[in-house]
Amino acid sequence: MTESAAARRYDLVVRGRVLTAEGEAPREIGVTDGRIAAVEASGAGLDAERIVDLADDELLLPGLVDSHVHVNEPGRTEWEGFASATRAAAAGGVTTIVDMPLNSIPPTVNVDALDIKREVAGPQAHVDVGFWGGAVPGNTADLRPLHDEGVFGFKCFLLPSGVDEFPPLPLDEIEQDMREIAAFDSLLIVHAEDPQTIETAPQTFGPGYSGFLASRPRDAENTGIAAVIERARRTGARAHILHLSSSDALPMIAEAKRDGVRLTVETCPHYLSLAAEEIPDGATAYKCCPPIREQANRDLLWHGLLDGTIDCIVSDHSPSTAELKSTGDFGTAWGGVSSLQLGLSLIWSEARERGISLERVVEWMSSAPANLVGLQRKGHVEVGADADFAVFAPEEEFTVEVASLRHKNPVSPYDGKTLTGVVRRTVLRGLEVDGETPRGELLRRGDA
Ligand SMILES: [Zn+2]
């Protein structure tokens, strides 16, 4: 231990089992002005205003970073909102979210719209919030100003997004925007399902899940991802594949990465913890696009994480009102799964069954998404990082009760499921998130 560490008095010292990049060990963490100022071995005797001793069954993790959240406010605040979404995030150990540019009205496709979002989000944020911009037909000239204002990158769709005010971007414009974005080294994040493939698939809907699954085949994703890779290769731009579901695409993604294409990939808790075979008739809480696929596909996605083909796990929390979501018909129901609060417990429950360590889980859900968006002070427990923590009891079981989740509309495919691993407390820049006083900050690219 350094002498200065012993002599100092910190604002906060946390003592107990801590997960850092060096692994899990008993440690003392000193926090000053919201940042981690010391990471010492247990017994160092760090002094502080406030000392927190973790219980024997608790582990201190870096706060999770969820770079794929649809908050929907303003404009569709009855679907979700900054207060409810950030409370749900905090309850799940997530200390940073990055909000998607669509489903809010206006969508975040120019600086005026970004300003509106920031104004609405600022006073309500219980965790830190960053923003993606949107790339839609005709807004290439808005991308650099949005970048200069601090968005973390730009989202586009290859096919209709589900809301009319956020249209898909044709491939020639994707290439044009990639060239623009490459000029300032930002990132294009893509919902990659090919519209032509879906048009030729059977579109027969009703309460049965198999009809919906057949309407969004793996081929649509495979073709869409191939198109994105081709353009990333040609332009040298950074591209990111959102919510990968089709395991068929893993070999071509791995190959592109080996070739030096600047490509990253995420997947989501629903693709890793649920399976098409188990989805009951009429259970439209499970509907999302791309769809949840078969058990064998799920196993291959886990392999893709373990071998590094997939970089991170984020929620794609995309709620709507219960009325729009719970129609019982997979053709009409809103597509999107609500899981912001449950991600860590879902992934840990599944990972431990598969013999995968909590350390890997935290890497996929915390440091990897922080790296994706370039937030260097997030996602790690180390000196200089923000003091964002989740206090996690990895062996405690609980049963999900949808009514007690903090997101706005009580719909979830996980209702009634028993999971392992409870987030007991969440700390944002050295202070426990209480759900009463919003202390979250609005993040800009390069800020933290
Ligand atoms: Zn999404």
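Where a number appears in this text, it was derived from the coordinates with a stated rule and is not lab data. Predicted, not measured: the structure shown is a model, and the values here were computed from it. As a convention, Cβ positions derive from the backbone with ideal geometry for all residues, glycine included, and neighbour counts pool all protein chains shown.
Structure data summary
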{"item": "For region 106-155 and region 422-448, distance of Cα centres in Å", "result": "20 Å"}
{"item": "Estimated FRET transfer efficiency when R0 is 60 angstrom, pair A7-D185 (beta carbons, to 0.05)", "result": "0.90"}
{"item": "Over 23 Å between alpha carbons, listed pairs K287/K417; K287/K408; K155/K417; K117/K287; K155/K257", "result": "K155/K417; K117/K287"}
{"item": "Total formal charge among the other residues, if their Cβ is under 14 angstrom from that of A296, Lys/Arg +1 and Asp/Glu -1", "result": "-2"}
{"item": "Estimated Rh, region 150-239: Kirkwood, alpha-carbon pairs, angstrom", "result": "14.1 Å"}
{"item": "Backbone N within region 286-328 under 14 Å of label point (7 Å from F205 Cα along the Cβ vector)", "result": "286-289, 291, 324-328"}
{"item": "Along the chain, longest interval not containing exposed chymotrypsin sites (Phe, Trp or Tyr not before Pro), exposed being DSSP loop plus at most 16 other Cβ atoms within 10 Å", "result": "206-448"}
{"item": "Spin-label model distance (nm) - D415 vs Q176, 7 Å beyond Cα toward Cβ", "result": "4.6 nm"}
{"item": "At q = 0.12, 0.19 Å⁻¹, base-10 log of I(q)/I(0) for region 345-448 (Debye sum, equal scatterers on each alpha carbon)", "result": "-0.51, -1.19"}
{"item": "Ascending count of other beta-carbon atoms within 10 Å, so fewest first, for H303, H68, H380", "result": "H303, H380, H68"}
{"item": "Nitroxide proxy distance, nm - points 7 Å out along Cα→Cβ at E149 and D299", "result": "4.9 nm"}
{"item": "Mean separation of Cα contacts under 8 Å (6+ apart) over length of the chain, as relative contact order %", "result": "21 percent"}
{"item": "DSSP-loop trypsin sites (Lys or Arg not before Pro) across region 234-284, with at most 16 other Cβ within 10 angstrom", "result": "none"}
{"item": "Burial ordering of L54, L431, fewest other beta-carbon atoms within 10 Å first", "result": "L431, L54"}
{"item": "Rg in Å to one decimal, and Dmax rounded to a whole Å, for the chain via C-alpha atoms", "result": "21.1, 70"}
